[in-house]
Structure formats: C-alpha cells, structure tokens
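Take a look at the structure set out below.
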Amino acid sequence: MAAPTVRVEAPSAPEMRELGEIDLLVDLGRGLVLANPILVAFGYGIEYGDVVDVQRLGAICCKGTTLRPRIGNPTPRVTETPAGMLNSIGLQNPGVDAVIDKYAGTWQGWRVPVIVNVAGESIGDYVEVTRRLEGVPGIAGIELNISCPNVGKGGIQFAIDAEAAASVTAAVRRATDLPLLVKLSPNVADVRPIARAIADAGADTLTAVNTLSGIALAPSRARPLLGNIYGGLSGPAIKPIALRIVYEVSQVVDIPVVAIGGVTELADVLDYLAVGAVAVQVGTAIFADPTIPVRLIDGLVEECRHRGLDSYRPLIGTALPKKPGTPSAKGVEYRP
Ligand SMILES: Cc1cc2nc3c(=O)[nH]c(=O)nc-3n(C[C@H](O)[C@H](O)[C@H](O)COP(=O)(O)O)c2cc1C
C-alpha cells in the first residue's frame, strides 16, 4: 500500500494565535487537517474558480466517482421544490481513471485538500475505485457515498443496513491508508446503529447526510416528473432532519461528524456546530451562489471575534445533552 499523500499546509494552532488569527483548524483524522470547517460538496472544484478563491475553502468533496463512466439517469433529472430541489442525476461521471487524468494534476498544485466522493454497486467496486485513488498526488481523502444499491444484496442500499455499511467500510479501510469519510443516508428509521457500525469498521469521519428520497409529479399529474421517478431532496427543506441526525450521531460515535444539508447562511453553520458537527459541507446552495462558502468562513471568523473566542471549537456541541447517554434517545423516540 502506498503512503498517504495528505498535505497539511495549514498553520498550526499556536502559529495562528501568534498571527492573531482565529483557530479554525479541523482534524478529520489520519493526518487530514483542514484550514477551516467550511467544505464544498459540488463539482470538481474548478467550476466556480472564476468567482471564488477555492484555496480558501476547508476542503472540496468532489462529485461521485465510479469505477466505470456513467451517463446518469434519464431526463428530466432536476426540479425545484419549496425550499429545496429534487435531483436524480444518477452519478453521471467519467469514471475514476478519467477523473484522475483530468483533475488530479490540478488538485496536486492546490493548497485546499480534495476529497473524492466514491460510489459503487458492490464492495468490489468501492475497493477498486479506492485502490486506483490510493497514492495519487492531489487526492487528500475518500468519502464513501454508500447510498447506492448493493447488487449483491438484491439492490438494498449499503447505507440503510448496518451490516452492509460496516462491510463496505471495512473493505475500503483495508484497501487504503487515505483518510476515510463515510456518508450517512437520512432514509432510515434510526441512523445510530449504522453510524456506530461504520465507526467501528474503521471510518475516520462521518458525513451526515445525503439526500432524502422523494418524488414530484408532472404538471398533468399523469405520471411522476423525474425520468427516474425518484429523486433526492436537498436544500433548506431538509435541514431540520439533517440537524436531528447530526444531533443523534454525534452522541454515539467518537469520530468527527461533518454536517451537510441545507446550509445557506452562518446560522446554519452555528446550528450544526452546536449539535456536535466539527465542520459543514455546502451543496445545493452553490447552484444559486458559489460565493456562499467563503462568506461563511468570514462570517465564522467574525462570530468568534464577536464572542471573544480565539478558536471556533467552543461552539461545538453546546446544544448536546450535558449528561451523556440520558436524553439522547428522545429525538428518536419522538416520531409522530
Ligand atoms: C445535484 C446533486 C448531486 C449530488 N451528487 C452527489 C454525489 O455524487 N455523491 C454524494 O455523496 N452526494 C451527492 N449529492 C448530495 C449532496 O452532497 C448532499 O448530501 C445533499 O444534497 C444535502 O446537502 P445540501 O442541502 O447542501 O445540498 C448531490 C446533491 C445534489 C443536489
């Protein structure tokens, strides 16, 4: 196994204090230290380079990458919803080899770490994509998108079954020394056993959450609108659900949790930190305004200054139960 290629160029916390800066460093494990807790989950990091300085971002989580190229789902693939959007892109991507050829050279010259989002339909797929990414300069980590049908288990998603989620995590863990993030699905009754199983199987960090399953209808109401019938709901509409899941998960695992779901403004970042997230990713909001993430970084610095903090870390976990273990189950029991 090749040595990991993680570049940690962010200044250390004492160095930052000397500079009079706010310490925003985030440690996601296995040497992956981010300069700040605002990540972007969109594209390959090059699409918005004209509008924002991507080097300022905490990290870039690139588009879902599969072993072979995928053309994606039939159209229409996207529709707006109140406070969100429904998409059924279907992991359209050029395949791992093309992603490495096209982008890794550029990423290698970047200060911002790039985490590659990996998808597959079998454990073998995930492991093979990971092996190809292992040791490639410019790739700082892997994020497993396990909301994919597991062909070996009759199409059931890896993400909704603790055993399947643990198996794919453990297999990828054996295949790589790269920092490993695993992304949870919100489409489950209780995410906590799944989160624990993934952490026990060797993930360095959890990401919460992927999109919620939904449908929209064609204007005629004669059929569903999306070519794939089902789509994934994202945007502010899902934030309360993602917030509940981060609240639940951060109480049952000892590894960092990165939140994603409907982040558009600083209040969302502060909310996710308060329920235990160490960082947030911004997805759908980028479509409307790619400058949001850098403005969130500036806003977080301002917020820390305003509160007299020299680090953002005191903002983490303030809304979690003070006595570990007792009221945490409440959120799960309250299911109308
Ligand atoms: C158009 C689109 C494409 C997405 N593609 C992926 C993907 O390839 N892999 C993945 O793990 N999540 C993917 N997601 C899910 C997002 O990363 C994120 O988990 C979800 O949209 C919630 O965050 P948001 O409300 O900030 O968008 C996609 C979301 C959208 C809207």
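Quick check, is Ala59 away from the ligand (no atom under 12 Å from the Cβ) and within 28 Å of Val278 (Cα to Cα)?
In short, yes.
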Point to revise | Index of the failed condition, Arg173 passing every other in (1) more than 16 Å from the ligand (Cβ to nearest atom); (2) open to solvent by less than 20 Å² (accessible area, probe 1.4 Å) | key: (2)
Exercise for review: Identify all residues within region 133-166 that are at pLDDT 95 or above, open to solvent by 20 Å² or more (accessible area, probe 1.4 Å), in a helix (DSSP H, G or I) and out of contact with any helix residue (DSSP H, G or I) (no Cβ under 6 Å at 6 or more places or on another chain); write none if there are none.
Suggested key: Ile160, Glu163
Point to revise | Residue pairs meeting the criteria (Cβ under 6 Å; at least 6 apart or on separate chains; first more than 11 Å from the ligand (Cβ to nearest atom), in region 68-85; second open to solvent by 70 Å² or more (accessible area, probe 1.4 Å)) | key: none
Study note, to complete from the structure: For Glu128, the lone unmet condition from (1) open to solvent by 40 Å² or more (accessible area, probe 1.4 Å); (2) among the charged types (D, E, K, R); (3) in a strand (DSSP E or B) is (3)
Practice item. Show the residue pairs that are 6+ apart or on different chains and have beta-carbon atoms under 7 Å apart, the first residue being within region 279-290 and in a helix (DSSP H, G or I), the second being within 11 Å of the ligand (Cβ to nearest atom). Key: Ala285/Val263; Ala285/Thr264; Ala285/Ile292; Ile286/Val40; Ile286/Phe42; Ile286/Ile292
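In region 243-263, which residues are within 13 Å of the ligand (Cβ to nearest atom) and assigned to a strand (DSSP E or B)?
Filtering region 243-263 for residues within 13 Å of the ligand (Cβ to nearest atom) gives 243, 245-246, 258-263.
Within region 243-263, Val258, Ala259, Ile260 meet the criteria.
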Exercise for review: Take the residues in region 217-240 that are buried (at least 17 other Cβ atoms within 10 Å of the Cβ) and among the aliphatic types (A, V, I, L, M), then tell me which one is nearest to the ligand (Cβ to nearest atom).
Suggested key: Ile238
Exercise for review: Filter region 86-120 for residues that are in contact (Cβ under 8 Å) with a residue 60 or more places away in the chain, touching a Leu at 6+ places or on another chain (Cβ under 6 Å) and under 20 Å from Asn145 (Cβ atoms) and give the result.
Suggested key: Leu86, Ser88
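Restricting region 208-226 to residues that are among the small types (Gly, Ala, Ser) and touching a Gly at 6+ places or on another chain (Cβ under 9 Å), which is nearest to Ala259 (Cα to Cα)? It would help to see each step written out before you state the result.
Our first condition is that a residue be among the small types (Gly, Ala, Ser); within region 208-226, this holds for 208, 213-214, 216, 218, 220, 222.
Then drop every residue that is not touching a Gly at 6+ places or on another chain (Cβ under 9 Å), which leaves 208, 213-214, 216.
Values: Ala208: 5, Ser213: 18, Gly214: 21, Ala216: 26 Å.
Filtering first and then ranking leaves Ala208.
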Check your understanding: From the residues in region 41-69 that are basic (Lys, Arg) and touching a Gly at 6+ places or on another chain (Cβ under 7 Å), which one is surrounded by the fewest Cβ atoms within 10 Å (Cβ to Cβ)?
Key -> Arg68
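Which one of these is in contact with a Phe, Trp or Tyr (Cβ under 9 Å, 6 or more places away or on another chain) and closer than 20 Å to Val188 by Cβ: Gly276, Gly232? Write out each step before concluding.
On the way: Gly232 fails: in contact with a Phe, Trp or Tyr (Cβ under 9 Å, 6 or more places away or on another chain).
The conditions single out Gly276.
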**Study point:** Number of the condition not met by Gly276 [criteria: (1) more than 9 Å from the ligand (Cβ to nearest atom); (2) touching a Ser or Thr at 6+ places or on another chain (Cβ under 6 Å); (3) open to solvent by 20 Å² or more (accessible area, probe 1.4 Å)]
**Key:** (3)
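The values are calculated or read from the model by the stated rules, or taken from the named source; none is laboratory data. Predicted model only: the values in this text are computed from it and were never measured. Don't worry about glycine lacking a Cβ; one is built from the backbone with ideal geometry, like all the others, and counts go over all protein chains shown. The protein model used for the area step is the full one, side chains on, heavy atoms only, and it has no ligands, DNA or RNA in it. Shrake-Rupley method; radii C 1.70, N 1.55, O 1.52, S 1.80 Å.
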